[in-house]
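These notes concern the structure reproduced below.
The values are calculated or read from the model by the stated rules, or taken from the named source; none is laboratory data. All values reported here derive from a predicted model rather than from experimental measurement. Here the Cβ positions follow ideal geometry from the backbone for every residue, glycine too, while neighbour counts run over all protein chains shown. Please note that ligands, DNA and RNA were not included when accessible areas were found on the heavy atoms of the full protein model with its side chains. Shrake-Rupley method; radii C 1.70, N 1.55, O 1.52, S 1.80 Å.
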Amino acid sequence: MTLAAFNQLSPAEADALIRPSADIDRWVEAVVAARPYSNVEEVLSAARERALDWTDEDIDAALAHHPRIGERASGSSTEAGMSRGEQAGVDASDSALADELLAGNRAYEERFGRVFLIRAAGRSGREILDELNRRLRNTDEDEIREVAEQLRQIALLRLEGILRA
């Protein structure tokens, strides 16, 4: 979608377009309300700034839509399609890696009580597994900061993809 078209959408249409980037009501509403934007970089800057104050509750709500790393998102939603593309670096045919990711995901969920989230785009399955294992040693406070940062990165990549399509 062009930026000009995005700027002209109704608030409800703009909301529906960017919500798959990060399903956080106040973030989506703020990004939509700040239109019109003069360029994509301005949108991304505004979105980044508005993502700096995400709460633990915001993050947990957004994570409800993210599949486990190594599990392909099902369905035909925009968000599921984005997730499948982002996890393309995880080789589904590597059963040893899949088993390690499954075990790591379980350990992470037991440790932190939420799904492991990482910006998978541009990372191999082995890199993701290494990060998962590193982050299992985080304190709760350090980990929620990392989760928030990863969610911001995912949201901005998705938003940029939508507006540069």
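Could you report the chain's accessible area per residue, 1.4 Å probe, as an integer in Å²?
On the way: 8230 Å² over 165 residues.
So the chain comes to 50 Å² accessible per residue, rounded to a whole number.
Just to confirm the number: angle between the C-alpha axis of helix 40-50 and the first principal axis of the chain, 0 to 90 degrees, nearest 10?
Helix 40-50 sits at roughly 60 degrees to that axis.
Considering the dipole of the chain built from charges on the beta carbon (Lys and Arg +1, Asp and Glu -1) around the Cα centre, which of His65, Ala120, Ser38 is farthest to its positive end?
In the chain, that residue is Ser38.
Quick one: among Asp25, Asp130, Asp94, which has the greatest mean-square fluctuation in a GNM of the chain with alpha-carbon springs under 10 angstrom?
Looking only at Asp25, Asp130, Asp94, the largest GNM fluctuation is found for Asp94.
Within the accessible area of the chain, what % is carbon and sulfur when the probe is 1.4 Å and the other protein chains stay in place? Write down the numbers at each step before the final one.
Details: 4100 of 8230 Å².
Of all accessible area on the chain, carbon and sulfur atoms account for 50 percent.
Is the shape of the range 1-52 best called rounded, prolate or oblate, per the rule: a/c under 1.5 gives rounded, else a/b larger than b/c gives prolate, else oblate, with a ≥ b ≥ c the square roots of the Cα gyration tensor eigenvalues? It would help to have the intermediate numbers written out before the result.
Working: a/c = 1.77, a/b = 1.13, b/c = 1.56.
Oblate shape, in that a/c is at least 1.5 and b/c is the bigger or equal ratio.
Give a quick list of trypsin sites (Lys or Arg not before Pro) in the range 103-156 that DSSP marks as loop, anything other than H, G, I, E or B, with at most 10 other Cβ atoms within 10 Å.
Details: sites: Arg106, Arg111, Arg114, Arg119, Arg123, Arg126, Arg134, Arg135, Arg137, Arg145, Arg152; in loops: Arg114, Arg119, Arg123, Arg137.
In loop regions of the range 103-156 (DSSP not H, G, I, E or B), the sparsely surrounded trypsin sites (Lys or Arg not before Pro) are Arg137.
If you put +1 on each Lys and Arg Cβ and -1 on each Asp and Glu Cβ, how big is the dipole of the chain around its Cα centre, in Debye rounded to 20? If you can, show how the numbers build up before the last one.
Numbers: 21 positive and 32 negative charges, 86 e Å.
Dipole size: approximately 420 debye.
Over the heavy atoms of Leu44, what accessible area does a 1.4 Å probe trace out, to the nearest 10 Å²?
Using a 1.4 Å probe on the heavy atoms, I get roughly 20 Å².
Springs between alpha-carbon atoms under 10 Å, Gaussian network over the chain: tell me which of Leu117, Leu132, Leu52 tops the mean-square fluctuations.
Sorting by GNM fluctuation, first place goes to Leu52.
Would you please give the FRET efficiency between Asp142 and Arg106, computed as 1/(1 + (r/R0)^6) with r the Cβ-Cβ distance and R0 = 22 Å, to the nearest 0.05? Present the calculation step by step, with values, prior to reporting the outcome.
Working: r = 21 Å, r/R0 = 0.93.
The formula returns an efficiency of 0.60 here.
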